[in-house]
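Working notes, beginning with the structure itself.
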Amino acid sequence: MTQPSDQSAALDNLLNESRAFPPSEEFAAQANATSALYAEADADREAFWAKQAERLHWDTPWTKVLDWDDAPFAKWFVGGKLNVAYNCVDRHVESGHGDQVAIHWEGEPGDRRTITYADLKREVSKAANALASLGLRAGDRVAIYMPMIPETVFAMLASARLGLTHSVVFGGFSSEALRTRIEDAEAKLVITVDGQYRRGQALPLKPAVDEAVARTPSVRNVLVVRRTGTDVDFTPDRDLWWHELVDGQSEEHTPEAFDAEHPLYILYTSGTTGKPKGILHTSGGYLTQVAYTHHNVFDLKPDTDVYWCAADVGWVTGHSYIVYGPLANRATSVMYEGTPNTPHEGRWWEIVQRYKVSILYTAPTTIRTFMKWGADIPARYDLSSLRVLGSVGEPINPEAWMWYREHIGGNRAPIVDTWWQTETGAIMISPLPGVTATKPGSAMAPLPGIAAKVVDDTGAEVGKGGGGYLVLDQPWPSMLRGIWGDDQRYRDTYWSRFAEQGYYFAGDGAKYDDDGAIWLLGRVDDVMNVSGHRISTTEVESALVSHPSVAEAAVVGATDPTTGQGIVAFVILRGDAKDQGEQVIKALRDHVSKEIGPIAKPRQIMVVPELPKTRSGKIMRRLLRDVAENRQIGDVTTLADSSVMDLISAGLKSGS
Ligand code: 6R9
């Protein structure tokens with residue numbers, strides 16, 4: 001494990017940041033949130049959450065807010081029953097908002113669709129009838145391997161409506177990644193597309209599904225949405241076209257109420273070992289917290305705002321803040337299919353201008369990319385509609401924060417830097433716009449109802465100015481309910497580090513500044529954060545060593561000005577491969593891309609004669625990070641052979 005002190009050293013300037021931006025009176029006067037929320041939650045946390053749960057329609061009221069007797073397995077809103085899709089769709093139509101736009105969708109090639117809440121109800125009902133006709137029943141798992149198109153949202157909501165548990169697999173992942181996820185969840189259905197648009201090109205996706213499904217006997221059907229019109233192979237009886245199955249279905253579907261703890265979805269995320277963890281989320285507590293946070297953190301006014309979360313739906317941010325939170329709150333959203341520079345670098349700002357987007361939620365890596373492209377690009381568009389800006393996925397450096405504020409937010413829109421994880425389900429630490437005076441680079445404080453602390457190695461809370469590990473010391477409604485099929489791994493990963501205190505260990509280093517504000521310092525385990533995507537070092541290492549040219553591999557995340565961290569791999573090649581130079585490096589990068597996905601492609605691969613290891617054989621990635629970041633190499637005393645680092649440095653200097 002990296003010590004948080006390593007990271008705080010690197011982020012020292014960040015902690016000298018002393019600028020503060022208090023909310024304007026004008027914003028505060030109209031804000032959803034008030035400072036009274038903190039006091040209210042402190043006075044009685046469970047009563048506070050019970051009140052937040054009233055944002056939803058419950059078919060059967062709960063009898064108990066929280067059951068924590070079987071900790072760390074929580075039950076929230078015990079005995080309550082609800083239908084998640086009804087809450088996100090039907091009730092808005094019933095309250096007279098059927099004509100309100102739910103989604104302004106824009107495809108990468110420029111095609112557009114406007115979907116009202118009434119349209120959404122029809123589409124979701126038809127899709128639910130279609131899935132039921134395939135014999136799927138509550139509790140069955142459905143894998144969704146799709147790009148950013150409306151049918152992805154329909155598919156998720158149709159699953160939720162029937163009590164099916166969806167597992168969305170990011171469309172950029174490889175066939176192999178899809179296969180392991182289908183296998184782990186034992187999915188009966190895969191929903192996918194013929195192909196997807198990426199950087200102006202139509203790329204096939206169905207062949208990856210065919211390859212995966214050939215080895216996953218649990219899958220009975222593959223439902224294919226036609227997106228790009230490319231030819232696909234069809235396996236009779238197994239494969240079905242969405243338009244043939246769904247379009248003819250009845251537009252009426254009566255939702256059934258499910259238990260508050262009914263599984264809603266599984267979402268796989270990287271852990272410290274090669275095997276991804278299936279993070280399990282359930283219904284009532286999850287929907288309560290995503291709705292509550294979306295309302296307060298983004299200050300959503302459903303009648304006037306146009307909200308755009310520019311994440312991919314394959315990540316938790318897409319689940320909670322493209323689909324469930326905004327729809328539960330009757331938001332009008334923008335959904336965009338493609339990359340920010342297709343066909344030009346002003347595409348996003350053109351979209352903001354066209355739909356008068358008022359709330360924008362994105363990641364620091366994207367903001368840094370825009371910085372690189374230049375402030376003159378957003379300056380060509382009318383961005384005056386923007387009134388709240390959000391950031392998520394990794395620590396945002398003060399420089400990017402200030403740029404976002406000035407060039408996108410017109411020095412007017414408050415910025416909310418939101419810390420949370422796939423596991424937390426919803427935002428946990430964030431400023432409240434209109435309430436909190438923000439500091440560039442700090443996520444500030446736990447939201448009302450949330451309890452977080454920075455603790456030292458022994459679990460004792462550090463004082464102001466102190467650094468250590470971030471922990472969550474009280475259960476929260478949208479917390480994960482476990483790792484799919486692996487209760488022990490759930491206990492070990494999150495609850496064993498501070499077992500005595502009963503704290504949830506987030507895996508992030510953090511620090512309090514002199515005012516007690518929280519600054520996140522990145523992961524303390526072997527998980528990298530590349531453009532806001534979590535990739536484990538082990539995962540990339542195992543992909544590399546699965547190639548016949550590689551004897552051994554060690555992977556580190558090195559600071560990268562654009563992507564936050566970049567993947568740097570150190571490999572020891574086998575005999576023959578040593579003489580193949582650049583060719584083998586290219587082959588290895590392609591191999592990783594095929595095994596895991598293009599986002600896991602190493603930025604740099606260095607060929608080395610040896611790897612630095614401790615006596616117990618654990619690779620000392622800390623030292624490799626020093627090399628990757630061109631720093632003086634740190635303490636080598638725990639190395640089994642301390643001359644190894646000299647060998648590595650000498651080899652790299654001579655360019656071999
Ligand atoms: C929502 C999401 C979770 C990890 C988390 C942390 C990093 C996310 C952050 C942040 C600093 C923020 N992270 N938001 N670090 N400031 N505002 O990203 O979920 O993909 O599971 O990643 O991302 O390291 O532990 P997920």
Only one of (1) at pLDDT below 95; (2) of a type outside the set (A, V, I, L, M); (3) assigned to a loop (DSSP other than H, G, I, E, B); (4) open to solvent by less than 40 Å² (accessible area, probe 1.4 Å) fails for TRP476. Which number is that? (1)
Where residues in the stretch 495-506 are open to solvent by 10 Å² or more (accessible area, probe 1.4 Å) and not aliphatic (A, V, I, L, M), which of them is nearest to the ligand (Cβ to nearest atom)? PHE505
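Select, from GLY509, GLY522, the only residue that is of a type outside the set (Phe, Trp, Tyr), within 15 Å of the ligand (Cβ to nearest atom), in a strand (DSSP E or B) and within 14 Å of GLU461 (Cα to Cα).
Answer to the check: GLY509.
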Working carefully through the options LEU66, LEU82, LEU56, find the one that is open to solvent by less than 70 Å² (accessible area, probe 1.4 Å), aliphatic (A, V, I, L, M), in contact with an Asp or Glu (Cβ under 7 Å, 6 or more places away or on another chain) and closer than 24 Å to THR152 by Cα. LEU82
Would you please name the residue that is nearest to the chain's Cα centre (by Cα), looking only at residues in the stretch 156-180 that are part of a helix (DSSP H, G or I) and under 20 Å from THR235 (Cβ atoms)? LEU178
Residue check for PRO431: more than 12 Å from the ligand (Cβ to nearest atom) and closer than 20 Å to PRO23 by Cβ: no
From the set of residues in the stretch 392-428 that are among the polar types (S, T, N, Q) and more than 9 Å from the ligand (Cβ to nearest atom), which is most open to solvent (accessible area, probe 1.4 Å)? ASN411
Just to be sure before I move on: is LEU470 modelled with pLDDT of 95 or more and assigned to a strand (DSSP E or B) in the structure I sent? yes
Which residues, counting only those in the stretch 121-156, are in contact with a strand residue (DSSP E or B) (Cβ under 9 Å, 6 or more places away or on another chain), open to solvent by 30 Å² or more (accessible area, probe 1.4 Å) and closer than 16 Å to LEU327 by Cβ? GLU123
Checked against (1) more than 30 Å from GLU252 (Cβ to Cβ); (2) in a helix (DSSP H, G or I); (3) hydroxyl-bearing (Ser, Thr, Tyr), TYR197 satisfies every condition except (2)
Residues located in the stretch 32-57, provided they are assigned to a loop (DSSP other than H, G, I, E, B) and without any contact (Cβ under 8 Å) to a residue 40 or more places away in the chain: ASP44, GLU54, HIS57
Is it the case that ARG137 is among the basic types (Lys, Arg) and under 30 Å from GLY200 (Cβ atoms)? no
Against the definition (within 16 Å of the ligand (Cβ to nearest atom), open to solvent by 30 Å² or more (accessible area, probe 1.4 Å), in contact with a Pro (Cβ under 7 Å, 6 or more places away or on another chain) and in contact (Cβ under 8 Å) with a residue 40 or more places away in the chain), how does GLY467 come out, yes or no? yes
For the stretch 355-387, give me each residue that is farther than 16 Å from ALA311 by Cα, modelled with pLDDT of 95 or more, outside any loop (DSSP other than H, G, I, E, B) and of a type outside the set (Asp, Glu). TYR355, ILE377, PRO378, ALA379
Residue pairs meeting the criteria (Cβ under 8 Å; at least 6 apart or on separate chains; first within 20 Å of GLN501 (Cβ to Cβ), in the stretch 475-490; second of a type in the set (S, T, N, Q) and open to solvent by 10 Å² or more (accessible area, probe 1.4 Å)): LEU480/THR422
Over the stretch 526-581, the set of residues under 14 Å from ILE619 (Cβ atoms), within 16 Å of the ligand (Cβ to nearest atom) and open to solvent by 10 Å² or more (accessible area, probe 1.4 Å) is ASP526
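The values are calculated or read from the model by the stated rules, or taken from the named source; none is laboratory data. Computed from a predicted structure; not experimentally measured. Cβ atoms come from the backbone with ideal geometry, glycine included; neighbour counts cover every protein chain shown. Note: areas computed on protein heavy atoms with side chains; ligands, DNA, RNA excluded. Shrake-Rupley method; radii C 1.70, N 1.55, O 1.52, S 1.80 Å.
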